[in-house]
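All remarks here apply to the structure that follows.
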Amino acid sequence: MSFLFSKKPKKEATRLFFATDIHGSERTFRKFINAGKFYNVNVIVMGGDIQGKLMIPIIKEMNGHYRATVQGRIEHLSTEEELKTLTGKLDTLGFYYKTMEEGEFRALQADQKSVDALFHELARQRMSNWVDLAEERLSGTGIKCFVTGGNDDEWDVLSVMKKEGAGSFISCENEMVQVDDDHTMISVGISTPTPWKTPREVSEEELGAMIEKMAALVPDMNKTIFNFHDPPKDSTLDTCPMLDWDKDPPQQIVQGGQPIMYGAGSSSVRQAIEKYRPMLGLHGHIHESQSVAKIGRTTCINPGSEYAEGVLRGCLVTFVDGEVQGYQMTSG
């Protein structure tokens, strides 16, 4: 008697593109959405700090010209073409802007609540436009787009990411999602305290509790991704200059003419990675610390950020059956 044994079909690897910390940059977000097709991936993930930081009033003067103060310099614009060039620059930098008459500018300048309300309105509008753009560009491609907030993102701005009927753009913070048939991902965008006192910061203990709550949802740690905005402490993904938090604004601490460097990441994130040993860790937060590190079996990645130059830094990751097969940093 003979027996016929059939081999199980080989599983197809999943290709994922990860980027983070674009801080409102229109050009960089558009590159991120296009990266799915460009790199021929199944999944794109944005890891937080997607909201811009500044709003620029553009004042229309009596003579029909415009002026705006950008990065400490007053720009005088006499033509619509010059205005278009300026707004394109602001889009790349991630700044919000609104054109207004002198009287509206003076009234706004005297009312901080109105300034804050306008900033949030413009931030929500850009975020809403980005969700629509992602749906338009990714429709029918089969590419999933997962997006979470970071410590610089306001809750009310993030709320517009959850749009009824969205099929490709998935707001995934504080949720477990299926990246493919085999692999899951949990996302936490909040960080530990920073010198900048950003909108979404908590203590190490609170962040650790949030991670534990999310980890309890994971069915198989060998086949999961930790998408945590804060990088693990002392991992090379979190190396940056030490700052004096008592100065306003915070200033670099220098010794012997050289800035002191240290690991600014989260100890609770590192402890969770060491405890649960997920397949992959996706992190950001520290723009200048582009790196890949192994913590036990876990491949941890911070692609870094150059959003203000309109450059999209990212990382391509290939994995199958709970194992990272390869990764490649990208920039473009």
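Here, each number is a calculation from the coordinates, and none is a lab measurement. Nothing here was measured: the structure is a model prediction, and the numbers come from that model. Cβ coordinates were reconstructed from backbone atoms using ideal geometry, including for glycine residues, and neighbour counts include every protein chain displayed.
If the elastic network links every pair of Cα atoms under 10 Å, which of Q112, Q178, Q125 fluctuates the most in the Gaussian network model of the chain? Evaluated over the chain, the most mobile residue of the options is Q112.
Between R67 and D182, the simple spin-label model (points 7 angstrom out along Cα→Cβ) gives 6.3 nm. Only one item in [x] 15.3; [y] 18.6; [z] 22.1 matches mean projected area of the Cα convex hull in nm² derived from the coordinates shown, and that item is [z].
Each of I50, I211, I44 has some number of other Cβ atoms within 10 Å of its Cβ, and from fewest to most they run I211, I44, I50. A Gaussian network model of the chain, with springs between Cα atoms under 10 Å, assigns the largest mean-square fluctuation among H76, H23, H183 to H76. Remark: the T99-E121 segment gains 6.5 nm on full extension, using 0.36 nm per residue and subtracting the alpha carbon distance. If R0 is 35 Å, the Cβ-Cβ spacing of T79 and T330 corresponds to a FRET efficiency of close to 0.40. Each DSSP beta bridge with both residues in the chain is either parallel or antiparallel, and the antiparallel ones are about 55%. The helix-only estimate of mean residue ellipticity at 222 nm for the chain, built from DSSP H runs of length n ≥ 4 each weighted as -39500 (n - 2.57), is -8500 deg cm²/dmol after division by the residue total.
When the listed pairs K233/K275; K10/K223; K31/K84; K37/K98; K197/K233 are checked against a 26 Å cut-off, the alpha-carbon distance exceeds it for K37/K98. Shape annotation for region 104-226: C-alpha extents along the principal axes are 57, 42, 20 Å, from largest to smallest.
Label-to-label distance, R106 versus K89, with points set 7 angstrom from Cα along the beta-carbon direction: 2.7 nm. The calculated Kirkwood hydrodynamic radius for region 96-157 is 14.1 Å, given to one decimal from all distinct C-alpha pairs.
Could you work out the relative contact order of the chain, using alpha carbon pairs under 8 angstrom and six or more residues apart, expressed as a whole percent?
Details: 720 pairs, mean separation 63.3, N = 332.
So the answer I get is 19 percent.
Label reach from N40 (point 7 Å along Cα→C-beta): in region 280-323, amide nitrogens under 16 Å belong to 316-319.
With a sphere of radius 14 Å drawn around the Cβ of V160, what net charge do the other residues whose Cβ falls strictly inside it have (Lys, Arg +1; Asp, Glu -1)? Within the 14 Å Cβ shell, the charges total -4. Put a dot 7 Å past the Cα of A216, heading toward its Cβ, do the same for S203, and the two dots end up 2.0 nm apart.
Beyond 22 Å, how much of the Cα-Cα pair distribution for region 235-332 remains, as a whole percent? The calculated P(r) of region 235-332 puts 41 percent of pairs beyond 22 Å. Residue by residue, region 306-320 carries 3J(HN,Hα) couplings of 9, 4, 5, 8, x, 8, 9, 8, x, 9, 8, 10, 10, 8, 7 Hz when phi is fed to the Karplus relation 6.51 cos²θ - 1.76 cosθ + 1.60 (θ = phi - 60°); x denotes Gly or Pro. Computed extension length for E288-K163: 41.7 nm, one decimal, from 0.36 nm per residue of separation with the Cα-Cα distance subtracted. Counting neighbouring Cβ atoms within 10 Å and putting the fewest first, the residues T298, T148, T194 line up as T194, T298, T148.
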